[in-house]
């Protein structure tokens, strides 16, 4: 049984890694193939994209819960959102000249934003370890983690994802990419609401006390 579980985990990680590289190929093709890769912004964007999904590949699936059932429509939205995110920004980058300038300071600012988002996400996943899961649920031997980046905000992983998505839109000068980033923000806020409800139910005063001394996503602000 343990061997089967181990094989499932390996297959899940391998599948996610394969997704990272296949989606990178699709992005390059939709962006014009070699013309996309030969542009410094295009090549840098592909590097950031693959790095983002390789970090996500280490994420545990976890145990689902009643709170996770509330996320079903979020997952359904994601089934449409992710293919659009893969194809449209690079196609828009290759086929339109505006309204956001291509390959200029905003593009490089977007790439920096993308890289920062990946680093924040990786830091959050490193601190939480196996507790950072795809499913929304209380895991075995679940504990409240308030160290590392969690000392300052309660949801640094989600912040990293949001920053990354806005980096996608800016780096390729994609209006659709920025709209999708706003959609991502709204989905994250919904998930945070359910997650905090779950954690209050599990940890009670310990979590409400943690809430009083931290912000949700942005230190000192929100």
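The values are calculated or read from the model by the stated rules, or taken from the named source; none is laboratory data. All values derive from a computational prediction rather than experimental measurement. Using ideal geometry, Cβ is built from the backbone for each residue, glycine included, and neighbour counts are taken over all protein chains shown.
Just to be sure, is residue 170 in a helix (DSSP H, G or I), within 15 Å of the chain's Cα centre (by Cα) and over 24 Å from residue 67 (Cβ atoms)?
Considered against the rule, which asks whether it is in a helix (DSSP H, G or I), within 15 Å of the chain's Cα centre (by Cα) and over 24 Å from residue 67 (Cβ atoms), residue 170 comes out as no.
Within the range 201-221, is even one residue in a helix (DSSP H, G or I), closer than 22 Å to residue 115 by Cβ and out of contact with any strand residue (DSSP E or B) (no Cβ under 6 Å at 6 or more places or on another chain)?
no
Do you know which of the residues in the range 80-136 that are in a loop (DSSP other than H, G, I, E, B) and buried (at least 17 other Cβ atoms within 10 Å of the Cβ) is modelled with the lowest pLDDT?
Once the filter is applied, the top-ranked residue is 136.
Per-residue answers, yes or no, for (1) closer than 30 Å to residue 102 by Cβ; (2) modelled with pLDDT of 95 or more; (3) surrounded by 14 or more Cβ atoms within 10 Å (Cβ to Cβ):
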{"residue": "141", "(1), (2), (3)": "no, no, no"}
{"residue": "160", "(1), (2), (3)": "yes, yes, yes"}
{"residue": "164", "(1), (2), (3)": "yes, yes, yes"}
{"residue": "178", "(1), (2), (3)": "yes, yes, yes"}
{"residue": "186", "(1), (2), (3)": "yes, no, no"}
{"residue": "193", "(1), (2), (3)": "no, no, no"}
{"residue": "201", "(1), (2), (3)": "no, no, no"}
{"residue": "210", "(1), (2), (3)": "no, yes, yes"}
{"residue": "222", "(1), (2), (3)": "no, no, no"}
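Tally up the residues in the range 54-66 that are modelled with pLDDT of 80 or more, over 14 Å from the mean Cα position of the chain (by Cα) and either surrounded by fewer than 15 Cβ atoms within 10 Å (Cβ to Cβ) or part of a helix (DSSP H, G or I) (or both), please.
1
Please work out which one of (1) free of Cβ contacts under 8 Å to residues at least 40 places away in the same chain; (2) in a helix (DSSP H, G or I); (3) surrounded by fewer than 16 Cβ atoms within 10 Å (Cβ to Cβ) is the condition residue 149 fails and give its number.
Going through the list (1) free of Cβ contacts under 8 Å to residues at least 40 places away in the same chain; (2) in a helix (DSSP H, G or I); (3) surrounded by fewer than 16 Cβ atoms within 10 Å (Cβ to Cβ), residue 149 breaks only (3).
Each row is one residue, and each column tells you yes or no for (1) within 19 Å of the chain's Cα centre (by Cα); (2) surrounded by fewer than 19 Cβ atoms within 10 Å (Cβ to Cβ); (3) part of a helix (DSSP H, G or I); (4) free of Cβ contacts under 8 Å to residues at least 24 places away in the same chain.
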| site | (1), (2), (3), (4) |
| --- | --- |
| 25 | no, yes, yes, yes |
| 28 | no, no, yes, no |
| 32 | no, yes, no, no |
| 41 | no, no, yes, no |
| 44 | yes, yes, yes, no |
| 48 | yes, no, yes, no |
| 52 | yes, no, yes, no |
| 68 | yes, no, yes, no |
| 74 | yes, yes, yes, no |
